[in-house]
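Novice: Before we start, here is the structure in question, set down as structure tokens.
The values are calculated or read from the model by the stated rules, or taken from the named source; none is laboratory data. Just so it is clear, the structure is predicted and the values come from calculations on it, not from any experiment. All Cβ positions, glycine included, derive from the backbone under ideal geometry; neighbour counts span all protein chains shown. Note: areas computed on protein heavy atoms with side chains; ligands, DNA, RNA excluded. Shrake-Rupley method; radii C 1.70, N 1.55, O 1.52, S 1.80 Å.
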Amino acid sequence: DTNAALADATKAIALNPRLDNAYTLRAAANLYEHQFDKALEASTYAISLNPQNAKAMAIHGAASLMRGKTDDALLDANSAIQINPKLAGPYLVKAAAQLSTGDTTAAMANINRAIALEPGLPIAYTVRGYGNLNQNRLKEAEVDSETAIKLNPKSAQAHHLLGRVHYRQNNVKGSISELKTAQKLLLQIGDTAGAKAVEQEIQQAKQSQGSN
């Protein structure tokens, strides 16, 4: 519950304005809600309070990546891994950045490290699913997306991934259904830009359906 997390963070900050973990909690909630600028702000402040805060670095890296700053994301991820190599998040950020540059092999290795460290992390399976999709391993991508959805049914990213997988599997009806679910979830968290981008994919799928 991100609202509860934000409320807890606000209370903790009110009690101790220099508690870095409270700003990390706020940044994590902001990231989940796709409020990337707020996530950057909160994680930056957390790091200023505690330069050894690996979780805050990973969040900063993830938010940087969503703002198109791949080099910053990789720098944050590598720094966080040096501080705490047993934390799953930094490996995921590194993997996502590597996927964005086309380095799928290296990305998959980092994703699997993250899953080994934290097997119940939904986003890990979503990121691995995109890696499998990039390698045209459609069945594996489907299993990863379904695992992510089982762990977190409200993951717009996981539903989006499954929609893309179904499209590649020529299951256009299933693709449209999953993409609409992803769009609905994005709108619920106020990510209108993301929802608009998904709408374009829905229309593309519908056109494909009509041409068959």
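Novice: Filter segment 48-57 for residues that are closer than 16 Å to L87 by Cα and open to solvent by less than 40 Å² (accessible area, probe 1.4 Å) and give the result.
Specialist: Listed by number, the residues that qualify are N53, A54, A56, M57.
Novice: Pick out the one residue from N21, N84 that is polar (S, T, N, Q) and modelled with pLDDT of 95 or more.
Specialist: N84
Novice: Still on this structure: Quick one: G131 ticks every box in (1) farther than 16 Å from V93 by Cα; (2) open to solvent by less than 20 Å² (accessible area, probe 1.4 Å); (3) not hydroxyl-bearing (S, T, Y) except a single one, so which number is it?
Specialist: Answer for G131: the failing condition is (1).
Novice: Name the single residue, out of those in segment 1-60 being more than 28 Å from Q183 (Cα to Cα) and among the aromatic types (F, W, Y), that is nearest to the chain's Cα centre (by Cα).
Specialist: The selected residue is Y23.
Novice: Let me ask something else about it. Whether any residue in segment 89-102 is over 25 Å from S43 (Cβ atoms) and either open to solvent by 50 Å² or more (accessible area, probe 1.4 Å) or at pLDDT 95 or above (or both) is what I want to check.
Specialist: Yes.
Novice: Of the conditions (1) over 17 Å from the mean Cα position of the chain (by Cα); (2) open to solvent by 60 Å² or more (accessible area, probe 1.4 Å), R164 fails just one. Which one is it?
Specialist: (1)
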